[in-house]
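Q: So that we are looking at the same thing, I have put the structure below in structure tokens.
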Amino acid sequence: MSLAKGRARDALMAFAEDPGFGARPLNENTVVPTDVDALIVPQTGYLQIIDVEVLNDLLPSTSALYVNIHPGDNLLKGQVLARVSGGVTDDTKRALADAFTFGEHRTHEQDTEFGLRVLAETALRALSPGINDPGTAIHAISDLKDVLWQYASEVRHPADDASSRVFVAFPTESELVEAAFAAIARDSAGTIEVATSLRAALLDLAACDNGRLATAALGMADLGIEYAEQANLLPREREILHKTKSTAAPSSTAESREPTS
């Protein structure tokens, strides 16, 4: 296993085992109070770590913290980092902000999309006109499929511990699939052997037990077709792409399967 694939897998497995790393999910079901104060980004850089345990220790019992960003985001000093309820003091706000680690580079520990993007960049470099190495791109697609399949198969514990007063908008399955495959779908559209490998990989993922990831994979497979329709493919090549089936499920169900949540 390559180092890049191993790091991507390890980051996804850690996230699968403990989604949110101790924080509760911030999503459309979260009720955010209207009376909140802003925490300010203390320095420009990539958000690397959110220390949820420290944040919970610092928050007064009547307060909660709402973080609408996640590790991997690049932020500027002075932007809004998070919002806190309960009317906390300025000293507490500064201490809370210090529980977020920033740096010049993205890291793997909590940044679940980073490893996927590193693998995707291998495929993108291979597809560049100066290199033109479809085999390497196909291998990278296989690696991405493998790590996302392992992630989808992992038994996860709900990140909704009522004792935590920290809410974080960690990546969704749709965002993970986009990080892995969106740029490849765009850049491989004119290379039939890569485009078919990508479509087969996405249809494989659409057979997984994670309904949200399966739905995202099907959507990405459709996007690949849209890109291919605009690419310089021969009519016969377009026909081959449309007929591409999953290698992980019977061809009669690979594309028609309705993912379950």
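The values are calculated or read from the model by the stated rules, or taken from the named source; none is laboratory data. None of the values given here were measured: they were computed from a predicted structure. Counting neighbours? That spans all protein chains shown, and the Cβs are built from the backbone with ideal geometry, glycine included. In case anyone asks, the SASA skips ligands and DNA or RNA and just uses the protein heavy atoms, side chains included. Shrake-Rupley method; radii C 1.70, N 1.55, O 1.52, S 1.80 Å.
Q: Looking for something modelled with pLDDT of 95 or more and surrounded by fewer than 18 Cβ atoms within 10 Å (Cβ to Cβ) - is there at least one such residue anywhere in the stretch 188-196?
A: yes
Q: Could you pull out every one of the helices (runs of 4 or more DSSP H) wholly within the stretch 149-233 that has 3 or more residues that are closer than 20 Å to GLY20 by Cβ?
A: 173-187, 211-230
Q: For the list (1) open to solvent by less than 70 Å² (accessible area, probe 1.4 Å); (2) under 22 Å from the mean Cα position of the chain (by Cα); (3) at pLDDT 95 or above, I need the number of the one condition that ALA97 fails.
A: (2)
Q: Exactly one of these conditions fails for ILE138: (1) aliphatic (A, V, I, L, M); (2) open to solvent by less than 10 Å² (accessible area, probe 1.4 Å); (3) at pLDDT 95 or above; (4) over 20 Å from the mean Cα position of the chain (by Cα). Give me its number.
A: Answer for ILE138: the failing condition is (2).
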